[in-house]
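See structure below.
The values are calculated or read from the model by the stated rules, or taken from the named source; none is laboratory data. Keep in mind that what you see is a predicted model, and the values were worked out from it rather than measured. All Cβ positions, even for glycine, are placed from backbone atoms using ideal geometry, and neighbour counts span all protein chains on display.
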Amino acid sequence: MSRDRIEQTALAFDWGLVHIGVATGQTASRTASPLTHLAARDGIPDWDAIARLLTQWWPDVVVVGLPTDLDGSEGSLAPLARKFGRRIAGRFGCTVEFQDERLTTREAYARTRPGDDPDALHAIAAQVILEDWLSARTTPSSTTPSTTRSSTPGD
């Protein structure tokens, strides 16, 4: 779904075993917004819902949060998040990149207020992941760990 241009639309996923947060953003404005959350069953999403989002937003790149431990090593759920990203690439032909999601849930909690929809937390976490990806992508001297590109067909 990639278009050749400098301005890109990105769709980000905060993958989880029960919930998957979704956010959208633009490289030109370097902004991201929470979009929605999807239910997952043992990490398996509603692929039709993912297809609808991809068709609606037509992203140039899909960014998947990569569970990373505080020491920078990949967390125990990282292989499953990578599998999710590979499946998006394989099923839909999208360019998929992975972004370190360390402390994004903590930041998402900090952005919510009492009375907010609890499910919004997942979309906000996806927003933080996308903001981090946008920042790393547009800041040449950034020390944020680089993203990994996946074009491997799904498992």
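Points to keep in mind about this one:
- Residues satisfying the stated conditions in the range 53-73, i.e. surrounded by fewer than 17 Cβ atoms within 10 Å (Cβ to Cβ) and acidic (Asp, Glu): ASP69, ASP71
- Filtered residues of the range 39-57 (kept if in contact (Cβ under 8 Å) with a residue 12 or more places away in the chain and under 15 Å from ALA89 (Cα atoms)): PRO45, TRP47, ILE50, ALA51, LEU53, LEU54
- Top-ranked residue in the range 33-87 [being of a type in the set (Phe, Trp, Tyr) and within 17 Å of LEU130 (Cα to Cα); ranked as nearest to the chain's Cα centre (by Cα)]: PHE84
- Filter result (crowded, with 22+ Cβ neighbours inside 10 Å and among the aliphatic types (A, V, I, L, M)) within the range 23-37: ALA23, ALA32
- Within the range 116-131, being part of a helix (DSSP H, G or I) and more than 7 Å from PRO34 (Cβ to Cβ) holds for LEU121, HIS122, ALA125, VAL128, ILE129, LEU130, GLU131.
- ARG86 being modelled with pLDDT under 95 and either among the aliphatic types (A, V, I, L, M) or surrounded by 18 or more Cβ atoms within 10 Å (Cβ to Cβ) (or both): no
- Matching option when the condition is under 17 Å from ARG102 (Cβ atoms) and in contact with a strand residue (DSSP E or B) (Cβ under 8 Å, 6 or more places away or on another chain), among THR31, THR68, THR9: THR68
- Where a residue in the range 80-98 is farther than 19 Å from ALA40 by Cα and touching a residue at least 60 places away in the same chain (Cβ under 8 Å) and its partner, wherever it lies, is part of a helix (DSSP H, G or I) and not acidic (Asp, Glu), with Cβ under 7 Å and at least six apart: CYS94/LEU54; CYS94/ILE88
- TRP15 being hydrophobic (A, V, I, L, M, F, W, C) and in contact with a helix residue (DSSP H, G or I) (Cβ under 8 Å, 6 or more places away or on another chain): yes
- The residues listed here are SER76, SER142; of these, the one that is exposed (fewer than 13 other Cβ atoms within 10 Å of the Cβ), modelled with pLDDT of 90 or more, in a loop (DSSP other than H, G, I, E, B) and polar (S, T, N, Q) is SER76.
- Selection from the range 99-123 of residues that are surrounded by 24 or more Cβ atoms within 10 Å (Cβ to Cβ) and more than 20 Å from ASP46 (Cβ to Cβ): GLN99, GLU101, THR104
- Reported count of residues in the range 27-46, each being in a strand (DSSP E or B) and within 20 Å of GLU107 (Cβ to Cβ), is 7.
- Just one of the numbered conditions (1) crowded, with 20+ Cβ neighbours inside 10 Å; (2) not in a loop (DSSP other than H, G, I, E, B) is not true of ALA49: (1).
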